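Take a look at the structure below.
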Amino acid sequence: MTQSRARLLALAPWLAVLGLVAWSAWHRWLVLTASPQPVGIDGYFYAIQVRSIGEGHGLAYPAAPLTFYLMAAVALVADVVTSVKLVAAVGGALVAVPAFLLGRRLGRALGGLAAAVVAVTSGGSFFLSLEFVKNGLGLTLALAAVWLGLRALERPGSGRIAAAAAAVVAALLTHKMAAALTAAVLAPAIVVELVGRLGRARALRLTLAGAAAVAAAAIVLGLLAPARFVAGRDLAALASAVDGEPRWHLPAMYLARPGPDFALWFGDQAAIAAGLAVVAIALAIGLRVRGQVVDGLRPADRAAAWAAVVIVLVTAVPYLAVSDPDGLGFRLRVAVFAPAALVAALLVRLATVGLPAWSRAGLVLPVLVARVALVDPAPTEGVVYAHPALVAGMATLPGRLPPDAVIITSERHLGFMAAWFGRVPVRLQPGSVPPARRWRLLAGNRIGLGSPLDRALRDAHDRPGLVAPLGLHPRDPSGLVLVPEATWAWVLEHVPPGPAEYWRRWPTL
């Protein structure tokens, strides 16, 4: 083989990966820019955070900070909303790069390409750029941290160890799930490496000491900054991670409703990931039975790959609770593409044992090309765009409330919109906010056109001694309305007991 041809063969996988990144980033960008407003339930939350940083106030809400400061850096050369969307699109698509690097360790170049394809073509990966941007960017950094960690285990050196440590910290500062995935994949690899280098007894002592140190650090960080790191509510979520109703098709979300049920599937990525894991296990058993050896795979790398298999199988438990968009079950199902990328790479390695290079390429490449060609490049499942009427109404909010007003919102999306346009404090629950400062914010979809609540709100406009509800909607007075607390109390006295009790609980979305 000539030197130029060898260079071309070495470069070809990278060209394919960069093409995947550009392809995926472009389609994410198209969906994000289909509206001039921020996209997603939390879209305005990101915009608020970035605006606050740009104005020199730091984060408006406590959160893992790295994503917002990266967006703020981009906002130095673009407007806030554009910077949010650009980081979301590019940061999510870049997951193909660490996926390729990790996959290449596990399954050579073809395994790397398989990992990259799984990472960028999975519906959950695309969804994270639209809704949970921190999580999407965090998983990109988590895979990078795992790759750097495996390199440091292979050949420890100050530079490699420092790079791996920096990547782990970056993942921790981006999203809790990113840090959890990094730990779940790297920890078995570290233990296996320690056993190989130090023996079982010393490795066990070091492992226990390291686990205790990590647990102590997690507790301290959770106490100091519970919104940024692991707190008690995160541990409590583990208890509600499963429910009693199995769903064998493995949806990412499933809500049983009086009308049609609501589900998010993300291209059946959880079922596909589980299938990859099952096939990998079957191939490994078959190879062992036949006495064939998977050569060239370091024990630490093998441990990381099988850790990913276990994670995928956990997400495939049909009893996983997936009805809460903030619950652990939903978040695991959305993010399953990240460990599934490693499983795909391992599967390629196992499936091509003993085959010559061109046979391996002939077996794997057509499958990858078909996946890219057949998948929806710009899925909009679950995407939330701000309705133009809501935007128009919120744009009229500045200056229309008393200076000390606090908005109590029934929907997180509405609350972030109000905070963005009106620059007013917003809460989901009344809590300690004095009644005289509370203004309840409701949209027509919750009020219900012609409902008893709608009629009571309209009647409140004509009652002497009451401050009238403030309608923001450009067409319907109950389409988007702010109600002062005293008026809200009167309204609840003039609706039937059932709706009154429901709204006194103030259920939020």
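Tabulated values for the structure
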read-out: Search result, residues across the stretch 285-330 that are open to solvent by less than 50 Å² (accessible area, probe 1.4 Å), under 26 Å from the mean Cα position of the chain (by Cα) and among the β-branched types (V, I, T); value: V309, I311, V312, T315, V322
read-out: Unmet requirement for V90, which otherwise passes all of (1) of a type in the set (V, I, T); (2) closer than 23 Å to Y385 by Cβ; (3) in contact with a Leu (Cβ under 7 Å, 6 or more places away or on another chain); value: (3)
read-out: Unique residue being closer than 26 Å to A389 by Cβ, within 36 Å of the chain's Cα centre (by Cα), open to solvent by 60 Å² or more (accessible area, probe 1.4 Å) and not aromatic (F, W, Y) when the list is R505, R475; value: R475
read-out: Every pair of residues 6+ apart whose Cβ atoms lie under 9 Å, when the first sits in the stretch 489-509 and is more than 14 Å from R446 (Cα to Cα) while the second is outside any helix (DSSP H, G or I) and open to solvent by 90 Å² or more (accessible area, probe 1.4 Å); value: W490/R463
read-out: Unique match (being aliphatic (A, V, I, L, M), assigned to a loop (DSSP other than H, G, I, E, B) and closer than 16 Å to G382 by Cα) among V31, V77, V39; value: V39
read-out: Hits in the stretch 157-185 - residues which are under 25 Å from the mean Cα position of the chain (by Cα) and over 25 Å from S129 (Cβ atoms); value: A163, A164, A165
read-out: Among residues of the stretch 17-75, those that are open to solvent by 30 Å² or more (accessible area, probe 1.4 Å) and touching a Ser or Thr at 6+ places or on another chain (Cβ under 6 Å), counted; value: 3
read-out: Near pairs, Cβ below 9 angstrom, 6+ apart or cross-chain, from the stretch 454-479 (under 12 Å from W490 (Cβ atoms)) to any residue that is of a type in the set (D, E); value: A456/E493; A468/D462
read-out: Tally of residues being assigned to a loop (DSSP other than H, G, I, E, B), closer than 15 Å to R108 by Cβ and open to solvent by less than 60 Å² (accessible area, probe 1.4 Å) across the stretch 341-379; value: 2
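Residues checked against (1) under 30 Å from the mean Cα position of the chain (by Cα); (2) surrounded by fewer than 21 Cβ atoms within 10 Å (Cβ to Cβ); (3) part of a helix (DSSP H, G or I):
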| position | (1), (2), (3) |
| --- | --- |
| A419 | yes, no, yes |
| G431 | yes, yes, no |
| L442 | yes, no, no |
| R446 | yes, yes, yes |
| R455 | no, yes, yes |
| V481 | no, no, no |
| W490 | no, yes, yes |
| P499 | no, yes, yes |
| L509 | yes, yes, no |
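Residues are listed down the side, and each one gets a yes or a no for (1) open to solvent by 40 Å² or more (accessible area, probe 1.4 Å); (2) touching a residue at least 60 places away in the same chain (Cβ under 8 Å):
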{"position": "L153", "(1), (2)": "no, yes"}
{"position": "S158", "(1), (2)": "yes, no"}
{"position": "A179", "(1), (2)": "no, no"}
{"position": "I190", "(1), (2)": "yes, yes"}
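The values are calculated or read from the model by the stated rules, or taken from the named source; none is laboratory data. Just so it is clear, the model here is predicted, and its values are computed rather than measured. Cβ: placed from backbone, ideal geometry, glycine included. Neighbour counts: every protein chain shown. Accessible surface is based on the protein model in full, side chains and every heavy atom, while ligands, DNA and RNA are left aside. Shrake-Rupley method; radii C 1.70, N 1.55, O 1.52, S 1.80 Å.
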